[in-house]
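> Shown below is the structure under consideration.
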Amino acid sequence: MAKYKVGEYIRDDSGEFGKIVKVDEFNDLALIEFKEGIVWKVFISRSDYLFKHSLNPLELVEEGDYIKYDKYKNYIRVKDIFYGEGIYKNRPILYLENSELVYKKYDIKKIKSIVTREKIEEVSYLF
């Protein structure tokens, strides 16, 4: 069973991001807030297969997602993800389509939004 903490970010299986706002282990519930104030009540014991969760939102980004970074006007595609060594050991490093790397704490604060690959696929029109 997952151990959720208040303040953690989550990514569900459809590519939605949210933030855990309350955990009630006694009643087996977690409250997760999504954009536009939508709140889900989730049974903790049944949520392992639904959510990835972390205090670091970069750990939830996947290859093919798009991020909006404060120094760029448009979204940039995440081309690859690898994990660092030394002081960056076990921390995700995002390799962006424009050859930039995102990995430091101040880089995380510069991310304005994330559009997941699932959401891109959901709204794309195939010919």
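> Pick from Ile87, Ile67, Ile20 the residue whose mean-square fluctuation is largest in a GNM of the chain, springs joining Cα atoms under 10 Å.
Ile87
> How much length is gained if the chain between Lys41 and Leu29 is pulled fully straight, taking 0.36 nm per residue apart and subtracting their Cα-Cα distance, in nm to one decimal?
Values: separation 12, 0.36 × 12 = 4.32 nm, distance 0.64 nm.
That pair, Lys41 and Leu29, stretches by 3.7 nm at full extension.
> Could you name the aspartates and glutamates in cross-link range of Lys119, using Cα to Cα under 12 Å and dropping any fewer than eight places away on the same chain?
Within the straight-line limit of under 12 Å, Lys119 reaches these aspartates and glutamates: Asp12, Asp13, Glu16, Asp65.
> Here's another thing I want to ask about it. Starting from the Cα of Asn98, step 7 Å along the direction of its Cβ; do the same at Lys110; then give the gap between the two resulting points in nm.
Between Asn98 and Lys110, the simple spin-label model gives 0.9 nm.
> Compute the distance in nm between two label points, each set 7 Å from the Cα along the Cα-to-Cβ direction, one at Lys68 and one at Lys19.
So the two model labels end up 1.6 nm from each other.
> For the chain, what number results from the quotient of the Cα radius of gyration and 2.2 N^0.38 Å?
Values: Rg = 15.6 Å, N = 127, 2.2 N^0.38 = 13.9 Å.
Normalised Cα radius of gyration, the chain: 1.13.
> Counting only helical runs of four or more DSSP H residues, what would the 222 nm mean residue ellipticity of the chain come to if each run contributes -39,500 (n - 2.57) and the total is spread over all its residues?
Result for the chain, helices only: -2500 deg cm²/dmol.
> Run the numbers on the chain and let me know its relative contact order in percent, using alpha-carbon pairs under 8 Å that are six or more apart.
Details: 224 pairs, mean separation 25.2, N = 127.
Result for the chain is 20 percent.
Taken together, the values in this text are just the output of simple stated rules run on the coordinates, not laboratory data. Worth saying up front: this structure is predicted, and the values here are computed from it rather than measured. No Cβ is skipped: glycine too gets one built from the backbone with ideal geometry, and neighbour counts run over all protein chains shown.
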